[in-house]
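Heads up, the thing below is written out as structure tokens.
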Amino acid sequence: MNNLIKTKVFGISLFLIILITLVSALTFIDKSQSDFNKGTYNNTLYNASVGAGVVQLNLTYNNGTYTSQIFNTGSNVSLNNLSWTYQRIQCPQNMSYINKLRGFCIDQYEAHALNADGSVATPPASAANTDTLIAAGGKAGSAFNKTVWVYVDQTEARTACSSAGKHLCTDEEWLGAANIHGQIYNLPETLSASPNYCVVDSSTDCSGESPGSGNACKTGCTDDNGCPGNCTSAEGVYDMVGNVWEWTNETVDYTDPCPGGATSCYWNGTAFTATGTAKYGKDIVYFTAGTNTGKAVLRGGGWNNGANAGPFCGGLNFAPADTDNKIGFRCCSS
């Protein structure tokens, strides 16, 4: 009888050891893209480049969810080393956050010239002045009520942004940030009128405030209603329409698409046409006749483009090495 009892007790102990071993084997860790993919997720992603790997909110969105795969053990489950860190891009002073393209920062103002030590430089009044400044380590600044940097070619604009720890905005970034008080489509044809006061014609441009013979106003300002102006985006970015054309970080090849061989025409959402549409604000795009290669991309229009200026206004008629008194730039960072 005693031997029988001892055998049963031994059998129960052995069973418990096996059970504990099986439960321990169910320990689960999310630590790879394949583990992440087994869960359910919305507006979140697995970023293997941060630390040992993290689940990250897609910055194109303001919220998201992630639920790891669940093992039903039939008993209580403990979750260890579970943490969540909220991180949003913090833009430097005088830059605005744009919640598109996974999130980026853009200068609130068109670039003004800084010396290599960060002090305000004498605004270049010629292409030669810009050459000298860039060679000495000059860089782009973003600040209110400063003389805008013109007579700068695309390559020098790229260098000036890089020297400031930023980059020349891509065409996609520029377009992603372009709006007037949050509105993109169906804007008024004349944006120089109240309440926008964009610097696009003689009612708003500024004689004597821009180097050389240009009529650009100081950053964030107009001649019509002073400083600050009101030609601003919902994110607080000034003068993406008018004042000066802005280089973007792109070059393109094309054959002039305008009807009848014209060198300027309008985009209607499907094709280039001779007549503008209200949806696109009659914003014009300028081309060079014939077939072209390596033309730089300009955006927004300048102080003399009138109704043709706007968020969809584009210039594809300048080479990267060209300069002008109505061409400037601004920088982005990510």
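Looking only at residues in the stretch 233-253 that are in contact with a strand residue (DSSP E or B) (Cβ under 7 Å, 6 or more places away or on another chain) and over 16 Å from R299 (Cβ atoms), which one is surrounded by the fewest Cβ atoms within 10 Å (Cβ to Cβ)?
If we take residues in the stretch 233-253 being in contact with a strand residue (DSSP E or B) (Cβ under 7 Å, 6 or more places away or on another chain) and over 16 Å from R299 (Cβ atoms), then D253 is surrounded by the fewest Cβ atoms within 10 Å (Cβ to Cβ).
Looking at (1) modelled with pLDDT of 95 or more; (2) loosely packed, with under 14 Cβ neighbours inside 10 Å; (3) farther than 29 Å from R158 by Cβ, which is the only condition A278 fails?
Looking at each condition in turn, A278 falls short on (1).
Each row is one residue, and each column tells you yes or no for (1) farther than 22 Å from Y266 by Cα; (2) at pLDDT 95 or above.
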residue: I180; (1), (2): no, yes
residue: I184; (1), (2): no, no
residue: V199; (1), (2): no, yes
residue: S207; (1), (2): yes, no
residue: G212; (1), (2): yes, no
residue: K218; (1), (2): yes, yes
residue: D223; (1), (2): yes, no
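Results for (1) within 25 Å of the chain's Cα centre (by Cα); (2) under 24 Å from Q108 (Cα atoms), shown as yes or no for each residue.
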| residue | (1), (2) |
| --- | --- |
| F272 | no, no |
| Y286 | yes, no |
| T293 | no, no |
| N304 | no, yes |
| N308 | yes, yes |
| G314 | yes, yes |
| T323 | yes, yes |
| K326 | yes, yes |
| C332 | yes, yes |
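Would you check which residues across the stretch 139-158 are of a type in the set (D, E, K, R) and assigned to a helix (DSSP H, G or I) and list them?
Filtering the stretch 139-158 down to residues of a type in the set (D, E, K, R) leaves 139, 146, 153, 156, 158.
Answer for the stretch 139-158, where residues must be of a type in the set (D, E, K, R) and assigned to a helix (DSSP H, G or I): E156, R158.
Among the residues that make up the stretch 232-251, is at least one of them free of Cβ contacts under 8 Å to residues at least 60 places away in the same chain and either over 26 Å from S126 (Cβ atoms) or under 22 Å from the mean Cα position of the chain (by Cα) (or both)?
Yes, the conditions are met somewhere in the stretch 232-251.
Out of the stretch 79-124, which residues are surrounded by fewer than 21 Cβ atoms within 10 Å (Cβ to Cβ), at pLDDT 60 or above and polar (S, T, N, Q)?
Result: Q90, Q93, N94, S96, N99, N115, S119, T122.
Got at least one residue in the stretch 163-186 being farther than 30 Å from A128 by Cα, of a type outside the set (K, R), without any contact (Cβ under 8 Å) to a residue 12 or more places away in the chain and part of a loop (DSSP other than H, G, I, E, B)?
no
The values are calculated or read from the model by the stated rules, or taken from the named source; none is laboratory data. All figures in this text were calculated on a predicted structure; none of them were measured in a lab. Virtual Cβ from ideal backbone geometry, glycine too; neighbours counted across all protein chains shown.
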